[in-house]
1. Of all the strands (runs of 3 or more DSSP E) wholly in region C:1-72, which have at least 1 residues that are away from chain D (no Cβ under 11 Å), under 17 Å from the mean Cα position of the chain (by Cα) and among the basic types (Lys, Arg)?
2. Looking at region D:198-221 only, could you name the residues that are in a strand (DSSP E or B), more than 30 Å from D:Arg304 (Cα to Cα) and either more than 14 Å from chain C (Cβ to nearest Cβ) or over 25 Å from the mean Cα position of the chain (by Cα) (or both)?
3. Would you point out which residue out of D:Val512, D:Val557 is in the same structural domain as D:Ser583 (by TED's automatic domain parsing), out of contact with any helix residue (DSSP H, G or I) (no Cβ under 8 Å at 6 or more places or on another chain) and in contact (Cβ under 8 Å) with a residue 12 or more places away in the chain?
4. Being in contact (Cβ under 8 Å) with a residue 12 or more places away in the chain, of a type outside the set (Lys, Arg), closer than 20 Å to C:Ser22 by Cα and touching a Phe, Trp or Tyr at 6+ places or on another chain (Cβ under 8 Å) narrows it down to one residue among A:Ala68, A:Ala12; which is it?
5. How many residues are under 28 Å from the mean Cα position of the chain (by Cα), over 18 Å from D:Glu327 (Cα atoms) and outside any loop (DSSP other than H, G, I, E, B) when one looks only at region D:91-119?
6. With respect to B:Ala32, is the statement that it is more than 8 Å from chain D (Cβ to nearest Cβ) and buried (at least 17 other Cβ atoms within 10 Å of the Cβ) true?
7. Sort out which residues of region A:205-223 are assigned to a helix (DSSP H, G or I) and either within 16 Å of A:Asp175 (Cα to Cα) or touching an Asp or Glu at 6+ places or on another chain (Cβ under 7 Å) (or both), and write them in order of number.
8. Taking into account only those residues within region D:222-243 that are part of a loop (DSSP other than H, G, I, E, B) and within 14 Å of chain C (Cβ to nearest Cβ), which is surrounded by the fewest Cβ atoms within 10 Å (Cβ to Cβ)?
Amino acid sequence: MKYVAPSSVEEAASLLSSSPSAQVFAGATDVVPQIRAGRPAPDVLVDLKKIKELVALNSDGEKWTVGAATPTAYLTEDEAFSHEFPGLSEAAGLIGSDQIQNRSSLGGNLCNASPAADSVPAMVVNEVRAVVAGPNGTRVLDVSEVVTGPGQTALDDDEFIVEFEIDKMPSRSGDAYLRMIPRTEMDIAVVGAGARVTLADDGSIEQAVLALGAVAPTVVRIPDAEQALVGSTADEETLNAVAAAASEACDPIDDKRGTVEYRKQVAGVLAKRAVVIAIERAEQRNGKN
Amino acid sequence: MAQVHFSAGLRELTGGAAHVEVDASTVRGLIAALDEMFPGIGARLSEASSVAIDGEIFTDAEYESVSDNAEVHFLDIFQGG
Amino acid sequence: MPRTHITTVINGDETEFLTEDSTSLLNALRDDVGLTGAKEGCGTGDCGACSILVDDRVNCACLMFAPEADGTVIVTVEGLADSGELHPLQQCFLEGAALQCGICTPGFLMAAKALLDKNPDPTETEIRYALAGNLCRCTGYDKIIRAVQEAAREMRGQ
Amino acid sequence: MAITEENPGYKWVGTRPIRPDGLEKVTGKARFGADLVLPGMLYGKVVRSPHAHARIVSIDTSAAESMEGVKAVITGADFPDLSANGAHPSDIDVANNAIARDKVLYEGHVVAAVAAITREQAEAAAKAVAVTYEVLPHVLTVDEAMADNAPLLHEAMITKGVDPAPEEPSNIASKILHERGDLDQGFGEADAVVEREFTTKPVHQGYIEPHAAVADANSDGRAHIWCSSQGHFQMRAYTATVLGVSPGTLKVTAAEIGGGFGGKTVIYLEPLAVRLSQRAGRPVKLVMDRDEVFRATGPTSGTRIKVKMGVSKDGKITAAEVWMAYEAGAYAGSPVGAAGMTAIACYDIPNFVVEGYDVVCNKPRVAAYRAPGAPMAAFAVESVLDELARNIEIDPIDIRLANAAVEGTQASYGPKFPRIGFVETLEAIKEHPNYTAELGPNQGRGVAAGFWFNAGMMSSATVHVNENGTATVVTGSPDIGGSRQSMALMAAEELGIPYESIKPVVADTETVGFNDVTGGSRVTLATGAAVVDACRLIVEDLRGRAAKTWDVEVDQVEWVDGQAQHVDGAQPPLSLNDLAAKSGRTGGPISANASLNSRGVGAGFSTQLCDVEVDPETGVTRVVRYLTAQDAGRAISPDYVEGQMQGGVVQGIGWALNEEYIHDTEGVMENPSFLDYRMPVASDLPMIDCAIVEVPNPAHPYGVRGVGEVGIVPPMAAVGNAIHDAVDVRMTELPMSPIKVLEALNENDG
């Protein structure tokens, strides 16, 4: 196995297309354990962390750009980003310990394509876009389009994500991400739930986006729940409808971390709770917008 | 005379007796006397890892002395962690 | 496989070594550089016993490929004491009996140093979450948390 | 906080100095098993069975032997066949577990090993060893293994402890039975009876240091081994057995050990490393990775336990019936014997039957794990006792006080108890502010108690006095939890010199007398007693030397505060320094040996109080407050007594909430990593409050009782009883994971 650390997107792209089993990585917090567990190591490992654009966090006031290889610790430590996207910042910050946080990245978490990835539901509800580079230029995908199944993405072998674009949080809006893990840290999500709500002038819900992780091959939206919320003030009855819709939207499996019944039931609970937190944050921001 | 108590597992070898008195001054003597009373029990008793004499537990207790009307128990093997 | 030449600064010293690209930074430090302070407990980033500082950030050395260390500044537990003078964390771990077998201690010291460098006055909960990536099976964590609190107080000059 | 009777005014015992070996551990200098590098050293790698039960048809090592950098490849055939020359059955099991000969009995069982110049070469060669298996049907749980005509692991296994012996072989290695009084009469007198069935899963000791050994062997088989173990003399004995050589040909040096908890009292790598090194003519280092530690080193038993108990309305236990089946893994030897003896040992019960079975199954061979066997039985008994207390509406501490074993109580396992401190631990809990602290919503409080015998066994110590009156205390007991400090504290007290002037050393098998393993909570008691005996021999020697110096009879000389003093003050006192400086004149170097088979083992009791908060919508349980009270007899080193108490509690909490072996239907472990084998992390826990109770053990010079193990016995029941108090579900399965708690909550609402 050969290690290379290109310093530009172009150099990385050509390296990828020159060797069929080349693989990009940033933190390798998934790659190393997989190789250790017996997955064949690629011939060429392309380290993206020496490319400036890929380790960057910027905002032009209209949208944020987050380099695909930016350690998630940079996001949680950035007060402006965490204030604007508390849910996304929480989700990124839940990926493992401080040691892992200094290496894990949104690009790695997304492209490892684990159904239980913590950052993906939070990215989906914030309608994050992925800028993908390849031998013939770049293209932009919605994050929800990137993962196509466990361990599979829509990227070609010689493509990689350069950065993520996140439009600034709409006014009167707030997001949240919750997950269920048996311990308080160092666990893979048994269930994950992301929510973003936008309030109308009268305080009722104008728009809601909900997404669940670890309960299906890929992150799933919950349109029924989103509809149920629009126009409501998230009263008890509506929230129970949200919970029911969330459980219904799940297509989970039994595995060493959880059962079908458990994931369905708790998906409803977390979806409900995430909506309540998102609304509180929207109301707080409402005051300041 | 030492008071020897048998755990339930051993009572199958003593015709159900849970407790007997034996005249012996060492554990070795005790086991020999018991083997006469209940043929075959001797081997089983020496296998037991430890012997309790008046509440104190001894491992490898063959030569330990047994005072008059001491209370003696043969214990199963147990291991420290 | 040809080996790669790596140049780093380790515990203040310019250090060069040769490594195979697939070798973890942990194995390179232990086998090629001879610093056995960082320990392997799992090799998959789940136990923190191999925690070191890379450019002032705490990392699991087992999750890094050795070539990634090129051009970085690394601090291991062997570099914590300043010419024989123990770091307050080392002193407080000793005084507070915050270690038993000691295999996890190097990792805890590096993670705690990274925490205190960032947050000189952490709450108990903040310390517990910052050290959640370091497993200890002997102590039940109580005395480790207290030792970090004590060291934080001393470093703040209180 | 310690509840101490009279403190005899010790100068050093009971203080909290810095431990003598701490500096190396906080600076990264301490040498653990995997840290040693020798010139020309090769890296070893073990080949393990992917099947839970299979016959080895053939092993082709030719491809591996021809690979680049490979210097040696070994299989079972490289070791003597002990069954052929009439060795003891337990030695045959040790050898077969070290490396399989004809059958593999669990996934991960060793079938071969290689040694090469680099790690990568060794790993590649290990993959190239071609093993063909004839896969056999397997059994994983006690139910499967005990079922009629279940596949047999050992064709000739006839159950022991059953008379007359059964004709047919089975997977049941042995039966244990304890009985007293009349069960029916006892249950007849009861006003309340509760009967429950409990299941627990195998759990691992979870030491953070994987097993490691370095061996440097000569062609004639003599070898030097460095290994991290709980007892290098025991490692020498087992290794010699497997290699078929005399123990004297093996020198074993104790590396620092990165945690053991019972799991490193047995051998895995040592014989393989020696044979590889012998074949290669170069030192070999063998280190397990975490995956191998889980798959192939002894967890403790998964169990099924039925408990039925009855109490009168005034809280007296009238009868108890306990049925237990413990998994032994691949070879006989689960801790069901100890479980049978400890299950109801806390209480004075007139009528009981305790029946237990040791059952082999296709899992790694069970090894000791901190008070082996006792925690599972206590989970069952203390849960049923909690339910009984609620039925007759009596305080959980009071019901235990009403039945507590005291001095003179006929223990359920036989002998009368000498002086013990169980009642004092119960009172320590009842008087503690935690017992009446306010509980929030969905919070609950649970009480549980536990007992462990502790062990004595054999130890040796040598004490040398240096020419300046300082001293070296040499023992053979590996120090995991601070025992070097205890040795130094007791030696300082005996010799009357400062603690700092004593250097405790853990020496190799050629430099100190035999020492049994560090286990059974015995080191401070037994090795401590050997150190005390050696120091007392030295004090006698010093008195004689002072008498010679003053030309008086020795009974004119007393040893007080580290000085020889003339009874009438007729001479200025002589310090240890004075005598040591002139030792040539009074007979030569000052040193003494002491070896003993320790007596006067003091049993240990622990009562614990746990507060939890349960999220009723997700079943997640968090421990919010924890108090443990434990009788240490005399806390020689309070810092490290608390450390043992807290460590045992937190291992118990992990066992209670999330730890379990998960196997797929093929008997392959699905969670062999610290990610999915969930041990508690720092953010899961509150501080663990400790109440050290001191009811001195009359049979020990310093009143010591073992403290290392009993702390892990009560936690599972304490957590389970707290969950019941919080959300009114009675958990009877471990671990009490969020999934199981939510299932129980759903059944309650359903």
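1. C:57-60
2. D:Ala213, D:Ala215, D:Asp216, D:Ala217
3. When all the criteria are applied, what remains is D:Val512.
4. Numbers: A:Ala68 fails: closer than 20 Å to C:Ser22 by Cα.
Residue meeting the stated conditions: A:Ala12.
5. Let us first name the residues in region D:91-119 that are under 28 Å from the mean Cα position of the chain (by Cα), namely D:91-100, D:104-111.
Add one more test, that the residue is over 18 Å from D:Glu327 (Cα atoms), and what stays is D:91-92, D:95-96, D:98-100, D:110-111.
Now drop any that are not outside any loop (DSSP other than H, G, I, E, B), which leaves D:91-92, D:95-96, D:98, D:110-111.
Counting residues in region D:91-119 that are under 28 Å from the mean Cα position of the chain (by Cα), over 18 Å from D:Glu327 (Cα atoms) and outside any loop (DSSP other than H, G, I, E, B) gives 7.
6. Details: more than 8 Å from chain D (Cβ to nearest Cβ): yes; buried (at least 17 other Cβ atoms within 10 Å of the Cβ): no.
When the stated conditions are applied, B:Ala32 does not pass them.
7. Step one: of region A:205-223, the residues assigned to a helix (DSSP H, G or I) are A:223.
Of everything in region A:205-223, nothing turns out to be assigned to a helix (DSSP H, G or I) and either within 16 Å of A:Asp175 (Cα to Cα) or touching an Asp or Glu at 6+ places or on another chain (Cβ under 7 Å) (or both).
8. Filtering first and then ranking leaves D:Gln230.
The values are calculated or read from the model by the stated rules, or taken from the named source; none is laboratory data. Everything numeric here is computed off the predicted structure, so don't read it as measured data. Ideal geometry is used to build each Cβ from the backbone, glycine not excepted, and the neighbour counts take in all protein chains shown.
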